[in-house]
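Below: the structure, in structure tokens.
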There are 4 protein chains.
Amino acid sequence: MAIVLGPNRYGKAENRIVRIYRDTPRHEIHDISVSTALRGDFAAAHLAGDQSLVLPTDTQKQTAYSFAKEKGLLSIETYGLDLAGHFVDHVEPVQTARIEIEEFAWERVVIDGSEHDHTWVRRGQEVRTAAITVDGSGQDQRTWVVGGLKDLVILKSTGSEFTGFMHDEYTLLEPTGDRVMATSLDAGWRFSSTDVDWEAAYLQIKQILLRQFALVHSLALQQTLYEMGKAVLEACPFIAEIRLSAPNKHHFLYDLSPFGVENTNEVFHAADRPYGLIQATVLHDDAEDAGPAWDSYTGLV
Amino acid sequence: MAIVLGPNRYGKAENRIVRIYRDTPRHEIHDISVSTALRGDFAAAHLAGDQSLVLPTDTQKQTAYSFAKEKGLLSIETYGLDLAGHFVDHVEPVQTARIEIEEFAWERVVIDGSEHDHTWVRRGQEVRTAAITVDGSGQDQRTWVVGGLKDLVILKSTGSEFTGFMHDEYTLLEPTGDRVMATSLDAGWRFSSTDVDWEAAYLQIKQILLRQFALVHSLALQQTLYEMGKAVLEACPFIAEIRLSAPNKHHFLYDLSPFGVENTNEVFHAADRPYGLIQATVLHDDAEDAGPAWDSYTGLV
Amino acid sequence: MAIVLGPNRYGKAENRIVRIYRDTPRHEIHDISVSTALRGDFAAAHLAGDQSLVLPTDTQKQTAYSFAKEKGLLSIETYGLDLAGHFVDHVEPVQTARIEIEEFAWERVVIDGSEHDHTWVRRGQEVRTAAITVDGSGQDQRTWVVGGLKDLVILKSTGSEFTGFMHDEYTLLEPTGDRVMATSLDAGWRFSSTDVDWEAAYLQIKQILLRQFALVHSLALQQTLYEMGKAVLEACPFIAEIRLSAPNKHHFLYDLSPFGVENTNEVFHAADRPYGLIQATVLHDDAEDAGPAWDSYTGLV
Amino acid sequence: MAIVLGPNRYGKAENRIVRIYRDTPRHEIHDISVSTALRGDFAAAHLAGDQSLVLPTDTQKQTAYSFAKEKGLLSIETYGLDLAGHFVDHVEPVQTARIEIEEFAWERVVIDGSEHDHTWVRRGQEVRTAAITVDGSGQDQRTWVVGGLKDLVILKSTGSEFTGFMHDEYTLLEPTGDRVMATSLDAGWRFSSTDVDWEAAYLQIKQILLRQFALVHSLALQQTLYEMGKAVLEACPFIAEIRLSAPNKHHFLYDLSPFGVENTNEVFHAADRPYGLIQATVLHDDAEDAGPAWDSYTGLV
């Protein structure tokens, strides 16, 4: 019954890199937080404190910043593939590299009807995410790319009901035929290919998620999530699987009857905690095994 | 040398109220956090634990929710005036009421080119704020309204320099003729009247702030803030004073020269802490005294 | 190539329950955040919006609160086992229940040398955690218990070095023979039994982790983590596996030489981001398979 | 009706400085976040972008770090006085300097009954604060010191009632003769002198606050706060004024009666928002005017 070292990894988390393209007067901006994680032949560092095979996390940071110029920082998926490939291909002890990225969107300030060349306001809506894993070398090298978003806060003020549910001795909830449904959506989608127009894919998938949330008459958040996921898979042949995690941000109808005031689904208390939390996966039944695609390092879906 | 009770107030903070207008199929949504604070004849509660003149904070909450229907919740300034006036006029021991409000903006989901009737995505950009103070009764009643915004994150990738500054023995900073300037702006503006189109005023002021940030060639954040404030006062005769608080969110040029990579203002590290913090007031020299207008309860500018 | 529903679960997250024992004048307090998640026969809810097999998340909440009285709330592991067992055993469609708990410790206020009977100050140090999973029914029922802690912030001001590491073309870091080492430790330990004195185990494991952090001369955070985990396994035969996640909270020696001030490891800048992040598992080589023990719902290690 | 520059200041906020004393094997640690703010002759920077009288915020940072060695960092009040005095006395355009400090306490790890020499765990309880203001030069120089704490989370499970309060048409609250009272206390105390044993004063005041919270039978949070403040003033002749800000962290008795479970003040829901918020000042009636003592820069009480 020996004690052994199990799975382990290390890296530099949350490098906050801003990349400006300024080749013309109309600048472009890309603003990310990137984390790197390496797996490989690092047992000696744990067991004996021997660092001779350990590339410092500081070096991983330097590389991440330098690649923003050397390789460019346009699509986060491409940037992540470059970075992961570098560690696996050029750092001998590395078996697997995982790159997790959050991207913060900016929109141009509009002045007198025109977009400004070099001034932006942070959009502040959802955060776009990517998680890239590259494993092995040469012919056996494999790659997984997961795109996603988090904190997309959406709400519909009608078109949602919750009835016909199971009862037990602790069930007090009343059914409702018309409620506010709101969530702060986290989603991750696993690509079945790397030959993808990453920017177009992101916009398309986000739009499908919003569209389904709006148009599906909801009988439960479970059903809405499934319809959102299914529509993405139907429209995007390059997606193998999508995972959705959705807190049910409860909006409780406020009882104004003691004051003689009628409240017909007009005034709500937006509660913080507790909240329902629904998680679902939708996938192609012949999707390849996910491998380490979802093996989160810093908490991305 | 007696020990005495000094200034005091109490209320209910951060009531999270969502108000839906659903009189037509095209719903409207207003989403706020409102805090109420009362000053007045409350010494007995402190000195003797006598609550007979204390209107519970729970009652203040109930009133805030009910007023969202009774009085409506369209402009937060109007809603705040209704609520503050109620406490001062109808609760005998109350001498002064202060209402602080944060509003979270939503935008309609667009589907096939059309805005959806009842589905929104939270904009997530700046938070709009208001602080309303009503003091006294009858003829002597006075009112102060401060509008504002917080967390408006803006950045310009050129058009900003910082040179010619003072030196002492601790000064290491090098001057720069071209830097990234970014901030997360908090602003509050004091109205000189309550006869204002609150919605138009908000949009106008925000637009002026953005415009000046973009167009003023910046010699320092101090100068930019002053130009922003001055332009608001010039354009808005109904504003007596504006206060601006702006962290200098440092973007440090990353040194890639050890790797033989040129970095001509293209790759930056976005630092968290420390940060410069610049605060300035711009006002009309004949502005009335601000009284309690800026006497923050929960931390609004 | 059909589209299918994959793994899914739902529950009520972050129920904030405070349980007071007041059978004698010397009260006791237990303060938790508990999340429940159910897996089972819920495909109809997703595919057809049919809730007839869905026990509402509100019911899960009611149960969690009621069990704090019915079953008691002393050790969070026991409470979690009661709750998970209830859902699996008494709610027909439930195949697997997972309960995740965070516990916030309070210590008695000491007055004139004596602990007060019913007044506490929140300790504010680490958060204790537990994740209980119960799967299946009858003879085949299986149970996994993971205890843990998070946000244990520890620092040593000497006894840590980092030298002899690998170099590549992006390596700028200088070796150091004496540095500050600090982390905010998250740890989870998987029990091999449920016949455990949970309170004693928690205190013992926390103490071992602190002891090893202090006493091991550190050649790298990797080595320290391994020694911490190994010592836990050696001392606690009821632990099968421990997982550690440790941000390297960098304390950078501040360069005061421009001011003619010597700084011999005395003044540091405590940086926020980026940070190294080291994750390691230590386990018995004959440990049973972990099954769903680590399948986090709300982000616990 | 000219537009003019009003009050303004600038500085470097949230410098995260850790100071280790290591003159003997038994090290000491002081861990702070310090913010500096300067007022003075800075109009040209705002009006004309002229920086010639502006000492960069970077220089203020360098000074703060260097003073942690040059002057030492033991009591934060003393450190703050050194720093504020430096800016006023040695930087010509500075009229007023304000230093705001948060201190994070660490306690030694105890191993085999002995405190370790150089390993600590962060206490994590309240944050100690100080705000030092120095104005003017030479004979006319004046100094204000405010000590304080924030986020001291305290709870009593009995000995608190709330009855006999005022009613209006929105009052639904029921009186209670026995409730949980909890708060996250923020407090600031203004010293009437700088000839104070700062460390002893802090411990004494914190202990008095805890003692009164525990021992006073509470008829309302207002009364408790007043008794806490009064006791501090009675015991500490060097305190002129104390300000207390206390959210009423509601613990709602959970209704278990639908399940046939009795709940005699044993199971509570700890709510997040909204919360009552009580603020009170207790002072000597002949206290000197507070001047700028409470003019917060970064939000300290």
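Scanning the stretch D:50-65 for residues that are among the β-branched types (Val, Ile, Thr) and under 11 Å from B:Thr163 (Cα atoms) yields one hit, D:Val54.
For the stretch C:120-135, the criterion of being of a type in the set (Val, Ile, Thr) and in the same structural domain as C:Phe252 (by TED's automatic domain parsing) is met by no residue. Scanning the stretch B:78-94 for residues that are assigned to a helix (DSSP H, G or I), in contact with a helix residue (DSSP H, G or I) (Cβ under 7 Å, 6 or more places away or on another chain) and β-branched (Val, Ile, Thr) yields a single hit, B:Thr78.
Which of the residues belonging to the stretch A:137-155 are in contact (Cβ under 8 Å) with a residue 12 or more places away in the chain and open to solvent by 10 Å² or more (accessible area, probe 1.4 Å)?
In the first step, residues of the stretch A:137-155 are kept if they are in contact (Cβ under 8 Å) with a residue 12 or more places away in the chain; the result is A:137, A:141-155.
Listed by number, the residues that qualify are A:Ser137, A:Gln141, A:Arg142, A:Thr143, A:Trp144, A:Lys150, A:Asp151, A:Val153.
Looking at (1) under 27 Å from D:Gly177 (Cα atoms); (2) open to solvent by less than 10 Å² (accessible area, probe 1.4 Å), find the lone condition where B:Tyr79 falls short. Of the numbered conditions (1) under 27 Å from D:Gly177 (Cα atoms); (2) open to solvent by less than 10 Å² (accessible area, probe 1.4 Å), the odd one out for B:Tyr79 is (1).
Go through the residues of the stretch D:170-177 one by one and say whether even a single one is on the phi < 0 side of the Ramachandran plot and either under 21 Å from the mean Cα position of the chain (by Cα) or in contact (Cβ under 8 Å) with a residue 60 or more places away in the chain (or both). Can you show your working first?
At the first step, the residues of the stretch D:170-177 found to be on the phi < 0 side of the Ramachandran plot are D:170-177.
Filter once more, so that each one left must be either under 21 Å from the mean Cα position of the chain (by Cα) or in contact (Cβ under 8 Å) with a residue 60 or more places away in the chain (or both): none.
No; the residues of the stretch D:170-177 include none that is on the phi < 0 side of the Ramachandran plot and either under 21 Å from the mean Cα position of the chain (by Cα) or in contact (Cβ under 8 Å) with a residue 60 or more places away in the chain (or both).
Criterion first (under 15 Å from the mean Cα position of the chain (by Cα) and in the same structural domain as D:Gly299 (by TED's automatic domain parsing)) does D:Lys156 satisfy it? When the stated conditions are applied, D:Lys156 does not pass them. Could you please find all residues in the stretch C:40-56 being crowded, with 24+ Cβ neighbours inside 10 Å and not in a loop (DSSP other than H, G, I, E, B)? Answer for the stretch C:40-56, where residues must be crowded, with 24+ Cβ neighbours inside 10 Å and not in a loop (DSSP other than H, G, I, E, B): C:Ala45, C:His46. When you look at C:Ile239, is it within 14 Å of chain A (Cβ to nearest Cβ) and within 20 Å of the chain's Cα centre (by Cα), yes or no? Answer is yes for this residue. Within the stretch C:195-226, if we keep just the residues that are open to solvent by 10 Å² or more (accessible area, probe 1.4 Å) and outside any helix (DSSP H, G or I), the residue that is farthest from the other protein chains (Cβ to nearest Cβ) turns out to be C:Asp197. Restricting attention to the stretch D:86-115, the residues that are within 27 Å of C:Gly159 (Cβ to Cβ) and either away from chain C (no Cβ under 12 Å) or of a type outside the set (A, V, I, L, M, F, W, C) (or both) total 7. Which residue is least open to solvent (accessible area, probe 1.4 Å), if the candidates are limited to the stretch B:101-115 and must be in contact (Cβ under 8 Å) with a residue 24 or more places away in the chain and assigned to a strand (DSSP E or B)? Only one residue fits best here, namely B:Ile101.
Quick check on this structure: which one of D:Thr183, D:Thr158, D:Thr133, D:Thr119 is open to solvent by 10 Å² or more (accessible area, probe 1.4 Å) and among the polar types (S, T, N, Q)?
Numbers: D:Thr183 fails: open to solvent by 10 Å² or more (accessible area, probe 1.4 Å); D:Thr133 fails: open to solvent by 10 Å² or more (accessible area, probe 1.4 Å); D:Thr119 fails: open to solvent by 10 Å² or more (accessible area, probe 1.4 Å).
The match here is D:Thr158.
With A:Ala271, A:Ala235, A:Ala287 as the choices, which residue is among the small types (Gly, Ala, Ser), open to solvent by 10 Å² or more (accessible area, probe 1.4 Å) and touching a residue at least 60 places away in the same chain (Cβ under 8 Å)? So that I can check it myself, show each step before the final result.
Values: A:Ala271 fails: touching a residue at least 60 places away in the same chain (Cβ under 8 Å); A:Ala235 fails: touching a residue at least 60 places away in the same chain (Cβ under 8 Å).
A:Ala287 is the lone residue from the list that is among the small types (Gly, Ala, Ser), open to solvent by 10 Å² or more (accessible area, probe 1.4 Å) and touching a residue at least 60 places away in the same chain (Cβ under 8 Å).
Listed by first and then second residue, the pairs linking a residue in the stretch D:85-100 that is at pLDDT 95 or above to a residue that is outside any strand (DSSP E or B) and of a type in the set (D, E, K, R), with Cβ atoms under 6 Å apart and 6 or more places separating them unless they lie on different chains, are D:Pro93/D:Asp41.
So, in the stretch C:162-180, exactly how many residues are of a type in the set (S, T, N, Q), touching a strand residue (DSSP E or B) at 6+ places or on another chain (Cβ under 8 Å) and either crowded, with 16+ Cβ neighbours inside 10 Å or closer than 23 Å to D:His30 by Cα (or both)? Total meeting the criteria: 1. When the stretch B:91-100 is filtered for residues that are more than 28 Å from the chain's Cα centre (by Cα) and open to solvent by 30 Å² or more (accessible area, probe 1.4 Å), only B:Glu92 remains.
As for the stretch A:165-173, it holds no residue that is part of a helix (DSSP H, G or I) and among the polar types (S, T, N, Q).
Collect the residues in the stretch B:121-159 that are small (Gly, Ala, Ser), more than 7 Å from chain A (Cβ to nearest Cβ) and out of contact with any helix residue (DSSP H, G or I) (no Cβ under 8 Å at 6 or more places or on another chain), keeping them in residue-number order. Passing the criteria: B:Gly138, B:Gly148.
For the stretch A:1-30, a residue qualifies if it is touching a residue at least 40 places away in the same chain (Cβ under 8 Å) and either more than 7 Å from every other protein chain (Cβ to nearest Cβ) or of a type in the set (Val, Ile, Thr) (or both), and the qualifying residues are A:Ile17, A:Pro25, A:Arg26, A:Ile29, A:His30.
Checking the structure you have, find out if any residue of the stretch A:253-262 is assigned to a strand (DSSP E or B) and either in contact with a strand residue (DSSP E or B) (Cβ under 6 Å, 6 or more places away or on another chain) or in the same structural domain as A:Phe165 (by TED's automatic domain parsing) (or both). Break it down into steps so the answer makes sense when it comes.
Start the filter on the stretch A:253-262 by keeping residues that are assigned to a strand (DSSP E or B), which leaves A:253.
Okay, now just the ones that are also either in contact with a strand residue (DSSP E or B) (Cβ under 6 Å, 6 or more places away or on another chain) or in the same structural domain as A:Phe165 (by TED's automatic domain parsing) (or both), so A:253.
Yes; the residues of the stretch A:253-262 include at least one that is assigned to a strand (DSSP E or B) and either in contact with a strand residue (DSSP E or B) (Cβ under 6 Å, 6 or more places away or on another chain) or in the same structural domain as A:Phe165 (by TED's automatic domain parsing) (or both).
On inspection, C:His118 qualifies as assigned to a strand (DSSP E or B), touching a residue at least 24 places away in the same chain (Cβ under 8 Å), facing another protein chain (nearest Cβ under 10 Å) and over 16 Å from the mean Cα position of the chain (by Cα). Of all residues in the stretch A:251-301, those satisfying the criterion of being more than 7 Å from every other protein chain (Cβ to nearest Cβ) and among the acidic types (Asp, Glu) are A:Asp255, A:Glu262, A:Glu288, A:Asp289, A:Asp295.
Taking the options C:Ser257, C:Ser296, name whichever one is open to solvent by 30 Å² or more (accessible area, probe 1.4 Å) and in contact (Cβ under 8 Å) with a residue 24 or more places away in the chain. Let's see the steps before the verdict.
Details: C:Ser257 fails: in contact (Cβ under 8 Å) with a residue 24 or more places away in the chain.
From the options C:Ser257, C:Ser296, the qualifying one is C:Ser296.
Starting from residues that are among the hydrophobic types (A, V, I, L, M, F, W, C) and part of a helix (DSSP H, G or I), keep the ones in the stretch C:57-77 and report whichever is nearest to the other protein chains (Cβ to nearest Cβ). Step through it out loud before you land on a result.
To start, the set of residues in the stretch C:57-77 that are among the hydrophobic types (A, V, I, L, M, F, W, C) comprises C:64, C:67-68, C:73-74, C:76.
Restricting the remaining residues to those that are part of a helix (DSSP H, G or I) gives C:64, C:67-68, C:76.
Numbers: C:Ala64: 9, C:Phe67: 9, C:Ala68: 5, C:Ile76: 15 Å.
Of everything passing the filter in the stretch C:57-77, C:Ala68 is nearest to the other protein chains (Cβ to nearest Cβ).
The values are calculated or read from the model by the stated rules, or taken from the named source; none is laboratory data. These figures come from a predicted structure and were not determined experimentally. So basically every Cβ, Gly included, is an ideal-geometry build from the backbone, and we count neighbours across all protein chains shown. Keep in mind that these areas ignore ligands, DNA and RNA; they rest on the heavy atoms of the full protein, side chains included. Shrake-Rupley method; radii C 1.70, N 1.55, O 1.52, S 1.80 Å.
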